[in-house]
Every structure is written in C-alpha cells, then in structure tokens.
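Note sheet for the following structure.
Every read-out reported here was derived from the displayed coordinates using simple, explicitly stated rules and does not represent laboratory data. Note that the structure is predicted; figures quoted are calculated from it, not measured. No Cβ is skipped: glycine too gets one built from the backbone with ideal geometry, and neighbour counts run over all protein chains shown.
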C-alpha cells in the first residue's frame, strides 16, 4: 500500500524532529549530574499540544521537589499507547487504537516507522516473541471487525503472518512460561468510520485466549467472565499459585460498559485467571467500573482507577491462594503503573505527580515527583538502560 500524503509529510517532519535535543543542554547536563540511582521510565506523554514517546528521568537537583523531566523524546503523529524496550535500548511503541503507526527508536538515531495496511488497524499493544525473532501486535481486521495478532519480523517490522484471536478488539498480550501467548479480547464492536465510538455493546464478547506460537497461533483455550459487559483489557503476571507451580496468577484490568449507570459504578475492575478459571474480584468500594493500567506489586495486584483518583490494591485473602480487596491509595488522575523488583515496587503516574509505593501501597522513601507540563499517557515502564 502506498503511503498517503499525510504519512509522507509526517515522515519528512519526523526526520527533523528526531534530530532535535529533548531540552536545552544545560538541563540535560543537570539531569546527568543527579544521583544515578534515581529511576528512569520509558513512557508516552503529551506536552504543549504534542504527542511524545521517550525516556523520563526522575530529577531532584533543580527544584525543591523532585521532577520528572524528558531525557530523550521523539514526537509521534498521534497518541501512543503501549511501549516496550528492547535489549539494545531501543524503544518500540504503537499508536492508540484505532492506530496506523508503529515505531522503533533508539535515542540519537533515526526512527524506524511502519504504517499498517489499509484494511487493518493497530489496537495499542506490542510484544516481543520469546526468541526475539518477531514482534507481535494486536490488530483488527476492518472487513469483519475480528481480532488478529500481527506477527512481524523483528528487524524490518514487516508482517510475516497473522493469527486470529477468536474474538473482537484484542488489546494487551503476554507470553506465558510455557511459550504460549495470552491475549485479552476487549470484545467491543467498532467500525472504521466511527473511530473509537463504541457500537452495539449488547453484542460484546470479551475473553482471555491462549494461543500457541509454535503451531501458527493455534487456539489452546478461551475463557470468559459471567458478565458480558465487562471488557477485559490489560494484563499483568503475578506470582505462582503455590511453591514450584508452573502457572502463575494473571491479573486482568476490567472496563465496564453497562447501560445502567449504577451497575457501571459498582462494577469490578479486576479479574484473576489461574490457568483454569477466570473470576472477577469484588471491591466493597465503588470504582466507577474503570480499570486503567495493572501491575503486580510483589504481593498482589494494583489497578489504576483514574475516575476515582486512586490505585485499587488487591492482595492475598483467605484462603491464602485467593486475591481480595486491600484498599485504595489516593492519587488524583492515577493511571500509568510500572512494577519494579527492587526499591519501590510500584511506580504510579498521576495527573500532576508520580509516586513510588511499596508492596503494601504505602509511599516509599523517595519523595513524589512533579510532572510539570507533562501529561502522562496510559502506560509506562522502568527503563532498563540509560
């Protein structure tokens, strides 16, 4: 498919933008002078009306309160959604659904852009294969609204295969320890001419599906919740069910699409999959039926709930193998979550600040950082490279 005029124009502009520094050199030098142990994040954000991806640095040297400052930044055509960082340090990001672009960018180098075929759209998430040879993207076939996994060559980003997900609106995907692929089918019907507007919600068909990359995406299992108006969207692995167990808890963030306002307000935001059954986890507090991001804290799951300005925390209940409500950590506009194996175990980006929390959801010793003019998007992750 030939590129449209706006795509060609964007690529020409992007070449110029990619050569610009993230911010004035004095500020860059100041951040480098900061404590090297301060965290950095791969993120997507909005600033001054423009969309960006890149690396943010937790800096405390230039203000009385820590700040999150752009260390490396690339302007992108539309809002980005999910990101990954490759072993080389390169950042891979994909457009928010329904999206048409995918980019790989190593700071300091020219970005590698890919535009999706005319009869497909990206659904916002990307994942590297276990052997590193491929990149998987969640997509929708616009001809029949059915979900796809795009299997792409890791070097060229070009598609080499497609696998059906057995549902509509596939969103996040993760690899399991046995090499299988877990996909959350959001189940919301859409049409290309209506963009993100949700249609025919009485026909929702959300599910978690297990696919086998070793056998061309063969479906190994499919699981649903009892309530068809709960859209399964974001995923996070938890710990093993018991010592030595091969399968782990899988946490699934939920978004309610009920017609009844009260049913939507009271709807759960977390489901847990144990490899055999998928169940919703009730909360005694109304969370407005909207789970944004999800992460595992080391002892349970955290689900960001921006519509109630907090992070819902779930941990071991009774009996010990179950996950139950633990409480709500208040943070205005809480959304992006990132887990960490050391130090603060959960990083939360909110409306105007970011916080580090311990496994129990309490503020860690590192003071919260101000976001300033940066408006974080849905996801971020701890940077593994400088």
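Compared with the direct C-alpha span, the chain from residue 382 to residue 141 gains 83.5 nm at full extension, assuming 0.36 nm per residue.
Once both labels are positioned 7 Å from their Cα atoms along Cα-to-Cβ, the gap between residue 205 and residue 164 label points is 1.0 nm. Between residue 60 and residue 322, the contour length at 0.36 nm per residue exceeds the Cα-Cα span by 90.3 nm.
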